[in-house]
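Take a look at the structure below.
The values are calculated or read from the model by the stated rules, or taken from the named source; none is laboratory data. Remember, it's a predicted structure, so these values are computed and weren't measured experimentally. Positions of Cβ are generated from backbone atoms using ideal geometry, with glycine treated the same way; all protein chains shown enter the neighbour counts. What goes into the accessible areas is simple: the full protein's heavy atoms, side chains included, and nothing from ligands, DNA or RNA. Shrake-Rupley method; radii C 1.70, N 1.55, O 1.52, S 1.80 Å.
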Amino acid sequence: MKISMDIELKDIPGQLVRALQPVSDSGGNIVSVVHQHDKKTPSGRIPVQLVVELDEQRLERLVRALTERGVRVVRTGEERLKESMVVLLIGHIVHSDLRETIDSIDRTGFAEVVALSLSMPSVDEESSASVTISAIGDQELREALHILEGTAKEKGIMVIAPI
Amino acid sequence: MSMRSNMKTVRISIIGFGYVGAGLAEVIRRKRADLVSTYGLDVRIVGIADLNGIFIDEQGLDEAELLKLRTGAKDWERPGGMTTLELIKELDYEVMVETTHTDVTSGQPGLTHITTALESGRHVVTSNKGPLALEYSRLTDLAAAQGCALKYEATVGGAMPLISLIRDNLAGNGVLSIQGILNGTCNYILTRMAEEGLPYEHVLKEAQELGYAEADPSSDVKGLDTAVKLVILANSVFGMNATYRDVEVTGITAITPDALKLADDAGYVIKLIGEVSREGCLKARPRLVPKDDPLNVGGTLNVATIKTDLAGDITVIGKGAGPIEAASAILADIISIYR
Ligand SMILES: NC(=O)c1ccc[n+]([C@@H]2O[C@H](COP(=O)([O-])OP(=O)(O)OC[C@H]3O[C@@H](n4cnc5c(N)ncnc54)[C@H](OP(=O)(O)O)[C@@H]3O)[C@@H](O)[C@H]2O)c1
């Protein structure tokens, strides 16, 4: 499950690496890190937003490990895929292994194909599909589209994206 | 009293007397009185040239007579064997209107016509995209060096004001991007396909019968015409030095009724959208447009949304083609030279 965490670091060098180590130690994957150097909390700490892919049962242990390292954990919660986009594909979609195209997005961890509808006139003709991609943020959504466009180009599939 | 003393005679030549050239003659005929009373301009066509011949009259040609050339009720002449280039250089006039066909690979014959007119100190107004898409900076530099105007509102969006809208009315704004439908043929085809669920080939044929698509529609449907217009915007609005080869182009020939149906189910229409941004993005490709977006216009209409830093988004919609519509933009350019 994707978990977002707001943490606060001491304003001394090396703290971000210190905070990220326990995430991998507890078997989690880091999906995104938003680190704003120029922002500070009233107590002089640096706020960081983490999104990690982690087994829910291991969350408590992770929070403990972070706290022991002097990282303040302000909030944890399940991260939802907030941003969505519909994209059309036209071409020999089925022949070209649609699964792999979808997987390329699901693998990112920050975006997923949440809906798909396929329209296929006949097996050998070009078909069209509408694909709904969701991601944790706007930037991640655009990154997912970029990945999709790359895969589609290799396969000779046309991608029609929203303006 | 003041009217007469401020009256200015503007002598023009029209090079290329096809649909647009004749459209301009018709518009000048219709607007003669308004041009005098509102703008103090006495606009006279003193020469026209076409592949078939030439007519000149330093006092001004009769537009109604010239229009007969288009119906075959009058035959072309060529006084003294005069060539088009001799007319451009030697006739006494102020503004050359260049309305020959667009050739985006060579820019000819328009490129030579425009260069010759500017070198002979004439203002130039054109609807011909080729020369501007290929040699924008050379031509604007030449015009500046000669102290001549070079105006080309009709090249992009036909009657729809875009270049002068940005340059004059949005002066002071930074333009972030321009996005729009710049080809009426593609818009007609995609609109009809979506409305009727008909295949591309069928609607193309219909468009050709109605005169909305040319016998050879490839420049329109493959996106080249949109690309050329984008290049003119890129160079004139964003100061780029682009040619149509710099535009990433995907046409509409692969769009299927199925795809349009899927788009419809998701709340979108598919349009061929040209896009140019100040970061250097230059793309003409089919995009999903939300049904409630101002860019969702149907039929043969053109539309453009200009994103600016002060005024926000400005959207213009208008007729992108048609001889009278193109002549409207040409006439506005002529008037603007004398403002
Ligand atoms: N039609 C529109 O709605 C529209 C809108 C905006 C911009 N434009 C642009 O405006 C221009 C004119 O369009 P149009 O529809 O009027 O095209 P058109 O009907 O083909 O007119 C072009 C005319 O130029 C003549 N011509 C060709 N070579 C010439 C030469 N060397 N010297 C003198 N005349 C020459 C042609 O003569 P022949 O017929 O004997 O070949 C023809 O009469 C094009 O560049 C087009 O892209 C058109």
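By how many degrees, 0 to 90 and rounded to 10, does the Cα axis of helix A:59-68 deviate from the longest principal axis of chain A?
40
Taking the mean number of other Cβ atoms within 10 Å as a proxy for protection, how do you rank B:205-217, B:254-266 from highest to lowest?
Working: B:205-217: 14.0, B:254-266: 20.2.
Averaged packing, sorted descending, gives the order B:254-266, B:205-217.
Which FRET efficiency value, to the nearest 0.05, is calculated for B:Tyr338 and B:Asp103 with the Förster distance at 25 angstrom and r the Cβ-Cβ distance?
Numbers: r = 30 Å, r/R0 = 1.22.
So, using R0 = 25 Å, E works out to roughly 0.25.
Can you spot the aspartates and glutamates whose alpha carbon is less than 12 Å from A:Lys40's alpha carbon? Ignore those fewer than 8 places along the same chain.
A:Glu8, A:Asp11
Near the amide H of B:Lys151, under 5 Å away, which other amide H atoms are found, from residues 5 or more places off or on another chain, if H is placed in the peptide plane?
Hits under the 5 Å cutoff: B:Val124, B:Val125, B:Thr126.
Read phi for every residue in the range B:121-134 and hand back ³J(HN,Hα) as whole Hz from Karplus 6.51 cos²θ - 1.76 cosθ + 1.60, θ = phi - 60°, with x for Gly and Pro.
x, 9, 5, 10, 10, 9, 10, 8, 6, x, x, 6, 6, 9
What does the buried accessible surface come to for B and A, summed over both chains, with the probe at 1.4 Å? Round to 100 Å².
On the way: alone 15030 and 9470 Å², together 23060 Å².
Rounded to the nearest hundred, the buried surface is 1400 Å².
Enumerate the aspartates and glutamates that B:Lys151 could reach by cross-link, defined here as Cα to Cα under 17 Å, with residues fewer than 8 away along the same chain left out.
Within reach: B:Glu94, B:Glu98, B:Glu119, B:Glu135, B:Asp141, B:Asp168, B:Glu325, B:Asp333.
Quick one, can you get me the convex hull of the C-alpha atoms of chain B expressed as volume per residue in Å³? The partial results should precede the final answer.
Values: hull volume 48.4 nm³, N = 339.
Normalising the Cα hull of chain B by residue number yields 143 Å³.
Just tell me how shielded A:127-139 is by partners: mean number of partner chain Cβ atoms within 10 Å of each residue's Cβ, no decimals. Display every interim value, and only then the final one.
Working: counts 3, 10, 3, 10, 2, 1, 0, 0, 0, 0, 0, 0, 0.
Taking the mean over all residues of the peptide, I get 2.
Do the alpha carbons of any pairs in B:Lys222/B:Lys319; B:Lys271/B:Lys319; B:Lys74/B:Lys319; A:Lys82/B:Lys283; A:Lys155/B:Lys271; B:Lys8/B:Lys89 sit beyond 26 Å of each other, and which pairs?
Values: B:Lys222/B:Lys319 20 Å; B:Lys271/B:Lys319 16 Å; B:Lys74/B:Lys319 30 Å; A:Lys82/B:Lys283 28 Å; A:Lys155/B:Lys271 23 Å; B:Lys8/B:Lys89 22 Å.
Over 26 Å Cα-Cα: B:Lys74/B:Lys319; A:Lys82/B:Lys283.
Å³ per residue of the Cα convex hull, for the range A:83-160?
Values: hull volume 5.4 nm³, N = 78.
Dividing the Cα hull volume of the range A:83-160 by its residues yields 69 Å³.
How far apart, in nm, are the 7 Å Cα→Cβ label points at A:His146 and B:Arg167?
So the label points at A:His146 and B:Arg167 sit 3.6 nm apart.
What average number of partner chain Cβ atoms lie no more than 10 Å from the Cβ of the residues making up B:262-270? Could the numbers behind the result be given before it?
On the way: counts 12, 6, 1, 4, 9, 2, 6, 0, 3.
Mean inter-chain Cβ contacts per residue within 10 Å come to 5.
Give the average over all directions of the projected area of the C-alpha convex hull of the protein assembly as shown, one decimal, in nm².
One quarter of the hull surface, i.e. the mean projection, equals 31.1 nm².
For the pairs A:Lys2/B:Lys261; A:Lys153/B:Lys261; B:Lys205/B:Lys229; B:Lys31/B:Lys205, flag any whose C-alpha to C-alpha distance is greater than 32 Å. Numbers along the way, then the final one.
Details: A:Lys2/B:Lys261 34 Å; A:Lys153/B:Lys261 23 Å; B:Lys205/B:Lys229 25 Å; B:Lys31/B:Lys205 36 Å.
In this structure, A:Lys2/B:Lys261; B:Lys31/B:Lys205 exceed 32 Å between Cα atoms.
Calculate the mean, over all residues of peptide B:287-298, of how many other protein chain Cβ atoms lie within 10 angstrom of the residue's Cβ. Before the final figure, lay out the partial values.
Numbers: counts 5, 9, 2, 3, 0, 0, 2, 0, 1, 1, 0, 0.
Per residue, the average neighbour count from other chains is 2.
Ordering B:Ser120, A:Ser84 from largest to smallest accessible area (1.4 angstrom probe), what's the sequence? Show your work: numbers first, answer last.
Details: B:Ser120 40, A:Ser84 70 Å².
Descending accessible area places them as A:Ser84, B:Ser120.
With only Lys, Arg, Asp and Glu charged, each at its Cβ (+1 for the first two, -1 for the last two), find how big the charge dipole of the range B:164-319 is about the Cα centre; round to the nearest 20 debye. Spell out each step's value before the answer.
Values: 15 positive and 21 negative charges, 77 e Å.
Dipole magnitude for the range B:164-319 comes out near 360 debye.
Identify, among A:Val94, A:Pro22, A:Pro121, the residue whose Cα sits farthest towards the positive end of the charge dipole of the range A:17-163, taking +1 on the Cβ of Lys and Arg and -1 on the Cβ of Asp and Glu, with the dipole about the Cα centre.
Projecting each Cα onto the dipole axis, the largest value belongs to A:Pro22.
Within the accessible area of chain B, what % is carbon and sulfur when the probe is 1.4 Å and the other protein chains stay in place?
Working: 6890 of 14340 Å².
C and S atoms contribute 48 percent here.
Suppose each label sits 7 Å from its Cα in the direction of the beta carbon; what would the B:Asp34-A:Glu100 distance come out to in nanometres?
Label-label distance for B:Asp34 and A:Glu100, simple model: 6.2 nm.
Take the eigenvalues of the Cα gyration tensor for the range B:226-324, scale each by 5, and report the square roots as semi-axes in whole Å, largest first.
Details: eigenvalues 113, 56, 42 Å².
Each semi-axis is √(5λ); the values are 24, 17, 14 Å.
How much accessible area per residue does the range B:84-224 have, counting only protein heavy atoms and a probe of 1.4 Å, in square angstrom? Spell out each step's value before the answer.
Numbers: 5470 Å² over 141 residues.
Each residue of the range B:84-224 exposes 39 Å² on average to a 1.4 Å probe.
May I ask you to evaluate 6.51 cos²θ - 1.76 cosθ + 1.60, the Karplus curve with θ = phi - 60°, for each residue of the range A:108-114 and list the ³J(HN,Hα) values in order in whole Hz, giving x for glycine and proline?
Rounded to whole hertz, the list is 4, x, 9, 8, 9, 7, 9.
What are the ³J(HN,Hα) values, in whole Hz, obtained from phi via the Karplus relation 6.51 cos²θ - 1.76 cosθ + 1.60 with θ = phi - 60°, for each residue of the range B:64-78 in sequence order, with x given for Gly and Pro?
Per-residue couplings from phi come out as 4, 5, 4, 5, 5, 4, 6, 9, x, 6, 9, 9, 5, 10, 8 Hz.
Keeping the other protein chains in place, figure out the carbon and sulfur percent of the accessible area of chain A, with a 1.4 Å probe.
Values: 4060 of 8720 Å².
Answer for chain A is 47 percent, counting heavy atoms of protein chains only.
If the cut-off is a Cα-Cα distance under 23 Å, which lysines reach A:Lys39, setting aside same-chain residues fewer than 8 apart in sequence?
Partners found: A:Lys10.
Which order do the peptides B:281-294, B:73-86, A:91-104 come out in when sorted by mean C-beta neighbours inside 10 angstrom, highest first?
On the way: B:281-294: 19.0, B:73-86: 12.6, A:91-104: 15.3.
Per-residue mean Cβ counts within 10 Å order the peptides as B:281-294, A:91-104, B:73-86.
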